[in-house]
Amino acid sequence: QVQLVESGGGLVQPGGSLRLSCVASVSMFTIYSVGWFRQAPGKQRELVASITSSISTNYADSVKGRFTISRDNAKNTVSLQMNSVKPDDTAVYYCKIWMWMAEYWGQGIQVTVSS
């Protein structure tokens, strides 16, 4: 069973920074793509950023220039660096991976942006 463990969430002030990490229980070399999603109360889950095995990245317009997704294959980890955060970034953040014939979600981690 593939497991994804997210960490790094919490409370941060507007304009601050936070770094989320997602550690996979399988080798990153078996993962085609990794994405960070978020879901705010009363809203649909949305893709925030994604990164492929060829290190191609994609970002939601709302986070372009503020968030950076990266992957460390040696540590089976994908990170999301969040800078200049805003109250609208408050949500539960989820890590998702796409593998051959399968996809997996992490359990989610809360990020709250508030003064």
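Some notes on this structure:
- Of all residues making up region 37-52, the number that are in contact (Cβ under 8 Å) with a residue 40 or more places away in the chain, open to solvent by less than 60 Å² (accessible area, probe 1.4 Å) and either of a type in the set (A, V, I, L, M) or part of a loop (DSSP other than H, G, I, E, B) (or both): 2
- Given (1) assigned to a loop (DSSP other than H, G, I, E, B); (2) among the β-branched types (Val, Ile, Thr); (3) touching a residue at least 24 places away in the same chain (Cβ under 8 Å), number of the condition Ile55 does not satisfy: (3)
- The residues of region 58-82 that are farther than 19 Å from Ala40 by Cβ, in a loop (DSSP other than H, G, I, E, B) and in contact with a strand residue (DSSP E or B) (Cβ under 8 Å, 6 or more places away or on another chain) amount to a single one, Asn76.
- Residue in region 12-21 that is touching a Leu at 6+ places or on another chain (Cβ under 6 Å), at pLDDT 95 or above, surrounded by 15 or more Cβ atoms within 10 Å (Cβ to Cβ) and among the β-branched types (Val, Ile, Thr) present: yes
A quick yes/no check of all residues on (1) part of a strand (DSSP E or B); (2) without any contact (Cβ under 8 Å) to a residue 60 or more places away in the chain; (3) out of contact with any Leu (no Cβ under 8 Å at 6 or more places or on another chain):
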| position | (1), (2), (3) |
| --- | --- |
| Glu6 | yes, no, no |
| Phe29 | no, yes, yes |
| Gly35 | yes, no, no |
| Asp88 | no, yes, yes |
| Trp98 | yes, no, yes |
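- For Ser62, the stated conditions do not hold, so it cannot be described as among the hydroxyl-bearing types (Ser, Thr, Tyr) and either touching a Ser or Thr at 6+ places or on another chain (Cβ under 9 Å) or at pLDDT below 95 (or both).
- Of everything listed in (1) at positive phi; (2) open to solvent by less than 60 Å² (accessible area, probe 1.4 Å); (3) in contact (Cβ under 8 Å) with a residue 60 or more places away in the chain; (4) of a type outside the set (Asp, Glu), the single unmet condition for Asn76 is (3).
The values are calculated or read from the model by the stated rules, or taken from the named source; none is laboratory data. In this text, all values refer to a predicted model and were calculated from it rather than measured experimentally. Glycine gets a Cβ as well: all are built from the backbone with ideal geometry, and neighbour counts include every protein chain shown. When the accessible area is computed, the model is the full protein with side chains, heavy atoms only, and any ligands, DNA or RNA have been set aside. Shrake-Rupley method; radii C 1.70, N 1.55, O 1.52, S 1.80 Å.
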